[in-house]
Amino acid sequence: MQATLAHPHAIAPEGSPPGALRQALARAESRRKWRAFALTLPLLVFLLLTLLVPIAALLQRAVENPEVANALPATMRALDGWDRKDAPGAPAYAALVQDLARLPDSSDAGALARRLNTEVPGARSLIMGAYRALPVAGTPEAIRAQLLDKDPRWADAPLWQAIAKNGARWTPDYLLASVDLQRDALGHIERMPEEQRAFGGILLRTFHISLVVTLVCLLLGYPLAWWLATLPARPANVLMILVLVPFWTSILVRVAAWIVLLQSEGLVNRGLMGLGVIEQPLALLFNRTGVVIAMVHILLPFMILPLYSVMKSVPPTYLRAAVSLGSSPVAAFFRVYVPQTYPGIGAGALLVFILAIGYYVTPALLGGADDQMLSYYIARYTNVEVNWGMACALGALLLAATLVLYGVYRRFGKAELSLG
């Protein structure tokens with residue numbers, strides 16, 4: 001009777017067998033599930049198109065290497081069996097000229113030249129020079145002689161080694177380069193020469209800045225969240241609005257405001273000099289200090305909100321009971337109250353750290369050359385170098401770091417992320 005009332009459309013005809021009632025209930029339950037799925041379908045499609053598909057495309061582009069494989073198929077066949085030590089034989093030169101002649105237009109030759117130039121400096125001029133010299137006819141030996149006569153660097157093995165190494169459509173080279181590793185001419189993985197290592201230091205710098213910002217946010221946010229949690233509801237709500245007002249303001253506007261405040265003649269330096277704390281203006285802009293100050297200000301609400309949510313659920317009677325049993329207020333706070341706020345500390349710290357490692361605008365506007373984080377180089381490879389493979393590999397590195405951090409939080413925090 002209760003099931004029939006819960007599903008008014010599942011009422012079976014009077015006198016029907018019990019099996020008919022069960023079927024009617026099953027049909028009603030099925031209709032309810034399909035209706036719920038239809039209501040969530042727009043959200044699922046939106047997430048698929050705006051989140052999962054771009055992430056899949058990013059991961060694919062991080063290992064895709066189509067330029068050489070598409071442009072030089074005959075050359076790759078000619079290089080089969082080559083020992084990759086000295087320059088290849090004349091048939092490889094003839095196949096290269098044949099492949100260049102088949103390219104639809106100069107943009108394909110440009111893409112090929114750009115890709116090889118990332119491996120061997122000077123490869124761009126060699127490829128484009130050969131492309132402009134077309135047609136080159138004759139026997140393979142004659143073609144080889146013409147190319148060498150035009151530029152003797154065609155006899156160098158590194159260019160041909162780069163062609164052979166990048167002949168496969170899929171490659172780990174971008175991902176290896178993002179952690180300062182590379183494949184040698186024979187395909188063995190090794191560390192890059194010291195003068196070419198860059199991304200390991202940039203990744204450590206990104207983590208260091210993010211860790212400092214997270215710790216400062218925790219030190220500032222914990223007492224503020226505790227104070228808010230101990231206030232009556234009305235003043236706590238008013239003060240919470242003050243916390244959220246910067247949260248609702250554009251990041252660009254806040255960064256511009258910090259540029260005004262932190263400059264040599266800004267309010268901060270003039271205030272400190274007026275109080276007699278300093279005699280000369282402090283260097284607070286275009287360095288690490290300015291980056292940390294602005295990032296802490298922007299990310300502080302992400303620390304306060306999870307802490308406040310957890311602290312509101314901690315009964316104050318626990319603290320009073322510990323004091324009544326003889327504990328000092330300070331000891332009771334650190335031994336009874338603080339352990340109960342660990343979930344809020346973990347959620348807030350993880351949120352701030354994950355958001356910080358992906359920051360781009362604030363370090364770009366307030367930092368110096370040595371303060372740029374990994375996102376800056378992703379933007380550079382996308383907009384300036386036009387190296388989508390390297391940009392996607394660095395993006396995949398950030399994504400992997402985020403997933404690892406979230407996995408660690410799930411493993412030890414045993415809770416989901418929440419803002420409150």
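Rounded to the nearest 10 Å², what accessible area does I378 show when all protein chains are kept and the probe is 1.4 Å?
Spelled out: I378, probe radius 1.4 Å, area about 40 Å².
Give the accessible surface of the chain per residue, rounded to a whole number of Å², with probe radius 1.4 Å and ligands, DNA and RNA excluded. Numbers along the way, then the final one.
On the way: 23440 Å² over 420 residues.
Computed with neighbouring chains in place, this is 56 Å² per residue.
Summing Lys, Arg as +1 and Asp, Glu as -1, what charge do residues with Cβ under 14 Å from the Cβ of G138 carry, G138 excluded?
0
Tell me, what HN-Hα J-couplings in whole Hz come from the Karplus equation 6.51 cos²θ - 1.76 cosθ + 1.60 at θ = phi - 60° for each residue of the stretch 206-222, using x for Gly and Pro?
Rounded to whole hertz, the list is 4, 5, 5, 4, 5, 5, 4, 4, 5, 5, 5, 4, 5, 5, 7, x, 5.
On the protein heavy atoms, probe 1.4 angstrom, tell me the percent of accessible surface of the chain carried by carbon and sulfur.
Details: 15300 of 23440 Å².
Exposed carbon and sulfur together represent 65 percent of the surface.
Just the Kirkwood number for the stretch 326-413, please: inverse of mean 1/r across all distinct Cα pairs, in Å, one decimal.
That comes to 15.7 Å for the stretch 326-413.
Which whole-number percentage describes the relative contact order of the stretch 304-362, with Cα contacts under 8 Å and a sequence gap of 6 or more?
Over the stretch 304-362, the number comes to 47 percent.
When N counts the residues of the stretch 37-96, how does its alpha-carbon radius of gyration compare numerically with 2.2 N^0.38 Å, as a ratio?
Taking the Cα Rg and dividing by 2.2 N^0.38 Å, one obtains 2.07.
Net charge near L366: determine it from the other residues with C-beta under 14 Å of the C-beta of L366, scoring Lys and Arg +1 and Asp and Glu -1.
Surrounding charge for L366 is 0.
What accessible area, in Å² to the nearest ten, does a 1.4 Å probe give for T317?
Roll a 1.4 Å probe over it and T317 shows about 70 Å².
Want the number for S264 to A137: 0.36 nm per residue separation, take away the alpha-carbon distance, what's left?
39.0 nm
Apply the Karplus curve 6.51 cos²θ - 1.76 cosθ + 1.60, θ = phi - 60°, to the phi angles in the stretch 43-53 and return the couplings in whole Hz, x for Gly and Pro.
Going residue by residue, I get 5, 5, 5, 4, 5, 4, 6, 9, 10, 6, 5 Hz, with x marking Gly and Pro.
Per the helix-only calculation at 222 nm, which mean residue ellipticity applies to the chain, given -39500 (n - 2.57) for every DSSP H run of n ≥ 4 and division by its residues, nearest 500 deg cm²/dmol?
Counting only the DSSP helices, I get -21000 deg cm²/dmol.
For the stretch 63-192, what does the relative contact order come out to in percent, with C-alpha contacts under 8 Å and a separation of six or more?
Normalised by residue count, the contact order of the stretch 63-192 is 34 percent.
Working from Cα positions, state the angle (0 to 90°, nearest 10) between the long axis of helix 106-117 and the longest principal axis of the chain.
Once rounded, one gets 80 degrees.
Could you tell me which label, among (1) 25, 54, 21, 0; (2) 27, 56, 16, 1; (3) 19, 35, 29, 15, 3, 0, carries the value of P(r) over Cα pairs in 20 Å bins from 0, in percent calculated for this structure?
(3)
The values are calculated or read from the model by the stated rules, or taken from the named source; none is laboratory data. Everything quoted here is computed from the prediction, not taken from an experiment. As a convention, Cβ positions derive from the backbone with ideal geometry for all residues, glycine included, and neighbour counts pool all protein chains shown. Remember, those area values only see protein heavy atoms, side chains included, never the ligands or the DNA or RNA. Shrake-Rupley method; radii C 1.70, N 1.55, O 1.52, S 1.80 Å.
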